[in-house]
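Beneath this line is the structure, given in structure tokens, with notes to follow.
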Amino acid sequence: MTALTPERLAELTRPDEDRALEALREGDLDAVRALLPVLAAGKAGLDALTLHALARKIGKLRQDLGEERTRAVLERIGAQLMKTWAAQVRRGDVRGAIVDLVAVFKQQGAARLDPLAESAAEVVLSMPACGSGGQLERQKATEKHPQWYAGWRDGVSGLCQGCKANQRALNEALGYAFWTTEKQPDGGCRMRFSKEGVQGPALFDEQERSELVRTRVQRAQQRLDEGRTDLEDLLRGQRKDWMPWHDVAIVWLEYFYASALEIGGAAYLDELLAQTYEPAFHAGFPRYAALSDEQLVAEVARTWNYHMADFTVHEEADRFVFRLDPCGSGGRLFRGQVWRDLFHYGEPLAPLMQPPHPINFMRQDAPTYCTHCAASNRAQLSGAGDGHTPMFFVIDGHAQMRPGEPCRQISFKKGALPDARLFGQIGLAPPGAPGSGA
């Protein structure tokens, strides 16, 4: 296992936006143009994992609870997820509420949005391609696996059921239909935002109606097409441009975990994660197993760069260790640092898990969200030593015991095995140990 030089490790793990900024400073606009699609695709893997994890959780609840109970769960989740929007509209900031809802949908992968339209009564967002529920429909997931992605009597697919529940919850909190949607052909959608009670001029001017629906990468591409080179404000920090959708999604996921605990305790949460999250890791094993050690550290670094994390990385003889301060999902949730102040442990649907269990790393008062990392560890470590399961994304579940502490993620080099204590954190025995089955 050949060690990398510090310079090579730094080059492999730096954000792609830094490369684009460097090319811009050097006046190499062709390189900037070539990097824009790379920047746009940086979140693709995380975005796909998010979509499928959310949709499969809704499908799991529908299978286990039936439609009526599942709708009730979804609307309770929606009430918590939309609470900051309800407060914002109540205090009269309708414009800001619409801007942030549009921001969520424009950041979803493969989404295509038309400029906003506005009348005296409403603001309309037309999406020829929705990047969440509509994306799953275009991918035919609803047809191939209806038990997980569709199957509802009204014909609305699972993830769209979740979106509809969020709308109903927000509208109920406000006492009128502020946010509604109409599904369109081919995975499209039209959203309407009511201006009830809004007085005065239009909420958005013509430039805003066009610009608010575009990501930083799309705006940078337009500036280049116009012959402009003032791109630094769009490139710097681009990896965190999709924070609105990313953070809504991680809070939404945590509320599913909390709901599972209420429904059936730690055992049901364990089952939900085994059926709706671990399969994504199993599907990715061949790809990650084929990567060289250099390619692996670069790929994992790209994931953390687009996962809202701040991190450093160092190399040891058999591994690369990422110090996450904080992790962009569980760590920021634990610290209460997510977008729009959406989440704090101790609020409704935001419990710490008190009893130790393999799904919470055998911890007391463990953050509920972090259980999905115990599940992904299980997906990897249960195949340790079999020669084809890569140990590419192993979390040390005892690193971040308090909100201010960093988390630690380890990418093991080819042929290396995790420490015995990492197996013990999720109730497994290491290969070769009594009771391991290996």
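Among the residues of segment 390-402, which ones are touching a Pro at 6+ places or on another chain (Cβ under 8 Å), under 18 Å from G328 (Cβ atoms) and in contact (Cβ under 8 Å) with a residue 24 or more places away in the chain?
Going through segment 390-402, the residues touching a Pro at 6+ places or on another chain (Cβ under 8 Å) turn out to be 391, 394, 399-400.
With under 18 Å from G328 (Cβ atoms) added as a condition, the list becomes 394, 399-400.
Residues satisfying the conditions are V394, Q400.
With in contact with an Asp or Glu (Cβ under 7 Å, 6 or more places away or on another chain) and modelled with pLDDT of 95 or more as the only criterion, which of L35, L29 stands out? Working first, answer last.
Working: L29 fails: in contact with an Asp or Glu (Cβ under 7 Å, 6 or more places away or on another chain).
Only one candidate qualifies: L35.
Being surrounded by 15 or more Cβ atoms within 10 Å (Cβ to Cβ) and closer than 13 Å to M127 by Cα is the filter here; which residues of segment 169-209 pass it? It would help to see each step written out before you state the result.
First, the residues of segment 169-209 that are surrounded by 15 or more Cβ atoms within 10 Å (Cβ to Cβ): 169-174, 177-181, 183-184, 187-195, 198, 202-204, 208-209.
Listed by number, the residues that qualify are T181, K183, Q184, G187, G188, C189, R190, M191, R192.
Please note which helices (runs of 4 or more DSSP H) are completely contained in segment 1-71 and include at least 2 residues that are β-branched (V, I, T) and assigned by TED's automatic domain parsing to the domain that holds G131.
Details: elements: 6-13, 16-25, 29-41, 44-65.
Correct list: 44-65.
For the subset of segment 403-414 comprising residues that are in contact (Cβ under 8 Å) with a residue 60 or more places away in the chain and out of contact with any strand residue (DSSP E or B) (no Cβ under 8 Å at 6 or more places or on another chain), which member is surrounded by the fewest Cβ atoms within 10 Å (Cβ to Cβ)? Lay out the reasoning, then the answer.
Just the residues of segment 403-414 that are in contact (Cβ under 8 Å) with a residue 60 or more places away in the chain, to begin with: 403-404, 406-414.
Add one more test, that the residue is out of contact with any strand residue (DSSP E or B) (no Cβ under 8 Å at 6 or more places or on another chain), and what stays is 403-404, 414.
Details: P403: 15, G404: 11, K414: 13.
Ranking the qualifying residues of segment 403-414, first place goes to G404.
Is it true that some residue in segment 65-83 is over 27 Å from L174 (Cα atoms) and either of a type outside the set (D, E) or under 15 Å from the mean Cα position of the chain (by Cα) (or both)? Let's see the steps before the verdict.
Restricting attention to segment 65-83, the residues satisfying the condition of being over 27 Å from L174 (Cα atoms) are 65-66.
Now narrow it down to the ones that are either of a type outside the set (D, E) or under 15 Å from the mean Cα position of the chain (by Cα) (or both): 65-66.
Among the residues of segment 65-83, at least one is over 27 Å from L174 (Cα atoms) and either of a type outside the set (D, E) or under 15 Å from the mean Cα position of the chain (by Cα) (or both), which makes the answer yes.
Spot the failing condition for A290; the list is (1) in contact with a Cys (Cβ under 9 Å, 6 or more places away or on another chain); (2) among the small types (G, A, S); (3) over 23 Å from R408 (Cβ atoms), and only one is missed.
Of the numbered conditions (1) in contact with a Cys (Cβ under 9 Å, 6 or more places away or on another chain); (2) among the small types (G, A, S); (3) over 23 Å from R408 (Cβ atoms), the odd one out for A290 is (1).
With the checklist (1) over 20 Å from the mean Cα position of the chain (by Cα); (2) in contact (Cβ under 8 Å) with a residue 12 or more places away in the chain in hand, flag the one item P356 doesn't pass.
(2)
Give the residue, chosen from A169, A110, A177, that is assigned to a helix (DSSP H, G or I) and of a type in the set (G, A, S).
On the way: A110 fails: assigned to a helix (DSSP H, G or I); A177 fails: assigned to a helix (DSSP H, G or I).
Only one candidate passes the filter, namely A169.
Tally the residues that are surrounded by 11 or more Cβ atoms within 10 Å (Cβ to Cβ), out of contact with any Asp or Glu (no Cβ under 9 Å at 6 or more places or on another chain) and without any contact (Cβ under 8 Å) to a residue 12 or more places away in the chain, restricting the search to segment 15-26. Outline the logic, then answer.
Residues of segment 15-26 surrounded by 11 or more Cβ atoms within 10 Å (Cβ to Cβ): 15-24.
Adding the requirement that they be out of contact with any Asp or Glu (no Cβ under 9 Å at 6 or more places or on another chain) leaves 15-20.
Filter once more, keeping what is without any contact (Cβ under 8 Å) to a residue 12 or more places away in the chain: 18.
Total meeting the criteria: 1.
Please tell me if F281 is farther than 21 Å from W245 by Cβ, hydrophobic (A, V, I, L, M, F, W, C), at pLDDT below 95 and in the same structural domain as I395 (by TED's automatic domain parsing). Even if it seems obvious, please write down each step before you answer.
Details: farther than 21 Å from W245 by Cβ: yes; hydrophobic (A, V, I, L, M, F, W, C): yes; at pLDDT below 95: yes; in the same structural domain as I395 (by TED's automatic domain parsing): yes.
Yes; evaluated as a whole, the condition is true for this residue.
From the list E254, E294, which one is touching a residue at least 12 places away in the same chain (Cβ under 8 Å) and over 22 Å from I77 (Cβ atoms)? Spell out how you get there, then give the answer.
On the way: E254 fails: over 22 Å from I77 (Cβ atoms).
Exactly one residue qualifies, and that residue is E294.
Quick check on my filter: what residues within segment 316-352 are under 18 Å from the mean Cα position of the chain (by Cα) and aromatic (F, W, Y)?
F334, W339, F343
Given G387, G336, which one is out of contact with any helix residue (DSSP H, G or I) (no Cβ under 8 Å at 6 or more places or on another chain) and either closer than 26 Å to V297 by Cα or free of Cβ contacts under 8 Å to residues at least 12 places away in the same chain (or both)? Walk me through how you get there before you give the answer.
Working: G336 fails: either closer than 26 Å to V297 by Cα or free of Cβ contacts under 8 Å to residues at least 12 places away in the same chain (or both).
Just one listed residue meets the conditions, G387.
If you scan segment 84-130, which residues turn out to be out of contact with any helix residue (DSSP H, G or I) (no Cβ under 7 Å at 6 or more places or on another chain) and within 15 Å of L51 (Cβ to Cβ)?
F105
Can we say L9 is more than 30 Å from T276 (Cβ to Cβ), modelled with pLDDT of 95 or more and in contact with a strand residue (DSSP E or B) (Cβ under 7 Å, 6 or more places away or on another chain)? Please lay out each step first, then the result.
Working: more than 30 Å from T276 (Cβ to Cβ): yes; modelled with pLDDT of 95 or more: yes; in contact with a strand residue (DSSP E or B) (Cβ under 7 Å, 6 or more places away or on another chain): yes.
Judged against the criteria, L9 is a match.
Residue by residue, here is whether (1) under 20 Å from G397 (Cα atoms); (2) touching a residue at least 12 places away in the same chain (Cβ under 8 Å); (3) in contact with a Phe, Trp or Tyr (Cβ under 9 Å, 6 or more places away or on another chain) holds:
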{"residue": "A274", "(1), (2), (3)": "yes, yes, no"}
{"residue": "A301", "(1), (2), (3)": "yes, yes, yes"}
{"residue": "N305", "(1), (2), (3)": "no, yes, yes"}
{"residue": "V321", "(1), (2), (3)": "yes, yes, no"}
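The values are calculated or read from the model by the stated rules, or taken from the named source; none is laboratory data. Being a predicted model, the structure only gives us computed values, none of them experimental. Because the Cβ atoms are built from the backbone with ideal geometry, glycine has one as well, and the counts that use them run over all protein chains shown.
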